[in-house]
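Trainee: Here it is, the structure, as structure tokens.
The values are calculated or read from the model by the stated rules, or taken from the named source; none is laboratory data. Computed from a predicted model, the values in this text were never measured in an experiment. Here the Cβ is made from the backbone with ideal geometry for all residues, glycine too, and neighbour counts use every protein chain on show.
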Ligand code: PGA
């Protein structure tokens with residue numbers, strides 16, 4: 001059975017002091033999230049601090065990006081063996097900010113996805129349409145193409161137990177959230193795309209929603225059948241809000 005996951009994407013935020021405070025509150029409150037995989041994704045320079053602070057707790061740590069190369073002359077990049085060395089278990093890949101601001105292509109995202117699988121780090125593939133694409137009724141084909149680029153690279157069986165995050169670009173950091181019905185429609189389409197290739201794999205992939213998920217709207221989104229958790233940006237920086245979302249995800253399991 002697939003996991004229910006709530007992941008906090010801290011983006012380029014944090015200080016050692018603020019991280020210590022936030023993580024100590026999360027560690028103290030994570031019991032509300034029984035059965036949920038709770039994950040924080042701090043900036044790379046704080047991964048070491050984060051893995052130390054959550055050691056022996058239920059909280060896992062992920063990176064926000066990684067190189068597909070194992071080592072060498074790639075100034076400014078971070079390698080998968082480094083993430084392994086720190087005890088990171090997940091990595092976000094293809095976030096829309098990476099795709100749009102740093103011009104990451106589907107092919108690069110697929111290479112990173114394949115490399116993460118080889119390194120036993122769980123890739124979280126982020127996909128989603130822009131407002132323009134939604135208004136042109138292109139949401140489902142755009143998302144399907146982003147997912148297909150990865151499946152074509154790694155094969156359907158390698159997708160088992162990986163994570164996909166549907167994040168409509170127009171909902172990220174804007175305060176606009178997809179309605180539960182809009183999100184469920186896309187999640188179901190992704191599941192159907194996987195199912196056409198392998199029903200067991202389709203059932204094992206957690207599909208998270210991201211885009212202005214917050215303490216107020218999480219429960220409703222998470223009550224949808226194919227929304228297996230959340231990828232949370234802004235609200236993941238406030239312990240109380242993030243824990244409320246984790247609690248809403250736990251309620252889904254009851
Ligand atoms: P947001 O970000 O929750 O601040 O909209 C989500 C994300 O970009 O992962």
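Trainee: Tell me the residue from 73, 115 that is crowded, with 18+ Cβ neighbours inside 10 Å, at pLDDT 95 or above and farther than 19 Å from residue 145 by Cβ, please. Before you say what the answer is, go through the steps one by one.
Mentor: Working: 73 fails: crowded, with 18+ Cβ neighbours inside 10 Å.
Exactly one of 73, 115 is crowded, with 18+ Cβ neighbours inside 10 Å, at pLDDT 95 or above and farther than 19 Å from residue 145 by Cβ, namely 115.
Trainee: Okay, next question. Taking region 1-17 as the search range and keeping residues that are touching a residue at least 12 places away in the same chain (Cβ under 8 Å) and outside any loop (DSSP other than H, G, I, E, B), which one is farthest from the ligand (Cβ to nearest atom)? Break it down stepwise before answering.
Mentor: The first filter runs over region 1-17 and keeps only residues touching a residue at least 12 places away in the same chain (Cβ under 8 Å), leaving 1-14, 16.
Cutting the leftovers down to outside any loop (DSSP other than H, G, I, E, B) gives us 4-9, 16.
Details: 4: 17, 5: 13, 6: 12, 7: 8, 8: 9, 9: 4, 16: 22 Å.
Across region 1-17, the extreme among qualifying residues is 16.
Trainee: Sticking with this one: With 83, 125 as the choices, which residue is closer than 15 Å to residue 205 by Cα, surrounded by 16 or more Cβ atoms within 10 Å (Cβ to Cβ) and under 17 Å from the mean Cα position of the chain (by Cα)? Reasoning before the result, please.
Mentor: Values: 83 fails: closer than 15 Å to residue 205 by Cα.
Among 83, 125, only 125 is closer than 15 Å to residue 205 by Cα, surrounded by 16 or more Cβ atoms within 10 Å (Cβ to Cβ) and under 17 Å from the mean Cα position of the chain (by Cα).
Trainee: A further question follows. Would you confirm whether or not region 145-154 contains a residue that is surrounded by fewer than 22 Cβ atoms within 10 Å (Cβ to Cβ) and not in a helix (DSSP H, G or I)?
Mentor: no
Trainee: Can I ask one more? Quick check on region 201-219: of everything there that is within 11 Å of the ligand (Cβ to nearest atom) and free of Cβ contacts under 8 Å to residues at least 60 places away in the same chain, which residue is surrounded by the most Cβ atoms within 10 Å (Cβ to Cβ)?
Mentor: Step one: of region 201-219, the residues within 11 Å of the ligand (Cβ to nearest atom) are 208-214, 217-218.
Pick out the ones that are also free of Cβ contacts under 8 Å to residues at least 60 places away in the same chain and you get 209, 212-214, 217-218.
Working: 209: 32, 212: 21, 213: 30, 214: 20, 217: 19, 218: 28.
Among those that are within 11 Å of the ligand (Cβ to nearest atom) and free of Cβ contacts under 8 Å to residues at least 60 places away in the same chain, it is 209.
Trainee: Looking only at region 240-254, which residues are surrounded by fewer than 18 Cβ atoms within 10 Å (Cβ to Cβ) and over 15 Å from residue 34 (Cα atoms)?
Mentor: The answer is 240, and nothing else.
Trainee: Select from region 223-252 the residues that are closer than 12 Å to residue 10 by Cα and either within 10 Å of the ligand (Cβ to nearest atom) or modelled with pLDDT under 95 (or both) and list them in ascending order.
Mentor: Selection gives 231, 232, 233, 234, 235, 236, 237.
Trainee: Let me ask something else. Go through region 147-173 and report how many residues are more than 15 Å from residue 203 (Cα to Cα), touching a helix residue (DSSP H, G or I) at 6+ places or on another chain (Cβ under 7 Å) and away from the ligand (no atom under 15 Å from the Cβ).
Mentor: Looking only at that region, the number is 6.
Trainee: Would you call residue 212 at negative phi, under 15 Å from the mean Cα position of the chain (by Cα) and either at pLDDT 95 or above or part of a loop (DSSP other than H, G, I, E, B) (or both)?
Mentor: Here the answer is no, as residue 212 does not meet what is asked.
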